[in-house]
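Student: Sharing a structure here in structure tokens format.
The values are calculated or read from the model by the stated rules, or taken from the named source; none is laboratory data. Bear in mind that the values here come from a model prediction, so they are computed numbers and not experimental data. A quick note on method: Cβ atoms are made from the backbone with ideal geometry, for glycine too, and the neighbour counts reach across all protein chains shown. Each accessible area value is taken on the protein alone, full model and side chains, heavy atoms only, with ligands, DNA and RNA left out. Shrake-Rupley method; radii C 1.70, N 1.55, O 1.52, S 1.80 Å.
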Amino acid sequence: MSVKESCDVILVGSDQVWNAQINEYDDFWILPKMKYQRLCSYAASFGKNQLSEKEKNYLQAHKTDFTKYCSITVREKAGQQFLRE
């Protein structure tokens with residue numbers, strides 16, 4: 001059985017899951033190519049209050065991937081701001 005067939009929701013989170021320095025800019029943590037019914041984040045964290053230009057470019061490149069989430073919750077106000085930008 002595939003993940004798509006066995007899961008109603010794919011939940012991404014939590015601790016520093018979107019910290020590009022820790023995950024080494026691995027797209028897996030944003031899940032842009034995965035097939036799913038519903039994609040949500042729970043208490044996701046970038047683990048910092050400021051992003052480098054490289055990190056900003058990385059998030060910008062995945063802007064449409066974040067729009068695929070039906071719900072996004074983050075731990076810090078800075079994370080809210082990063083996603084808004």
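Student: When region 36-64 is examined, which residues are found to be open to solvent by 40 Å² or more (accessible area, probe 1.4 Å), of a type in the set (Ser, Thr, Tyr) and either more than 19 Å from Asp15 (Cβ to Cβ) or outside any loop (DSSP other than H, G, I, E, B) (or both)?
Tutor: If the condition is that a residue be open to solvent by 40 Å² or more (accessible area, probe 1.4 Å), of a type in the set (Ser, Thr, Tyr) and either more than 19 Å from Asp15 (Cβ to Cβ) or outside any loop (DSSP other than H, G, I, E, B) (or both), then Tyr36, Ser52, Thr64 are the ones that fit.
Student: All but one of (1) part of a helix (DSSP H, G or I); (2) in contact (Cβ under 8 Å) with a residue 24 or more places away in the chain hold for Phe28, so report the exception by its number.
Tutor: (2)
Student: List every residue pair whose Cβ atoms sit under 7 Å apart, with the two residues 6 or more apart in sequence or on different chains, where the first one lies in region 1-24 and is over 15 Å from Ser45 (Cα atoms) and of a type in the set (Lys, Arg) and the second, anywhere, is at pLDDT below 80 and surrounded by 14 or more Cβ atoms within 10 Å (Cβ to Cβ).
Tutor: Lys4/Tyr36
Student: Report every pair of residues separated by at least 6 positions or lying on different chains whose Cβ atoms are under 9 Å apart, first residue within region 42-61 and closer than 14 Å to Ile30 by Cβ, second open to solvent by less than 100 Å² (accessible area, probe 1.4 Å) and part of a strand (DSSP E or B).
Tutor: Ala44/Val12; Ala44/Val74; Ser45/Val74; Phe46/Val74
Student: Kindly evaluate Ile22 against the criterion of being open to solvent by 30 Å² or more (accessible area, probe 1.4 Å) and under 9 Å from the mean Cα position of the chain (by Cα).
Tutor: When the stated conditions are applied, Ile22 does not pass them.
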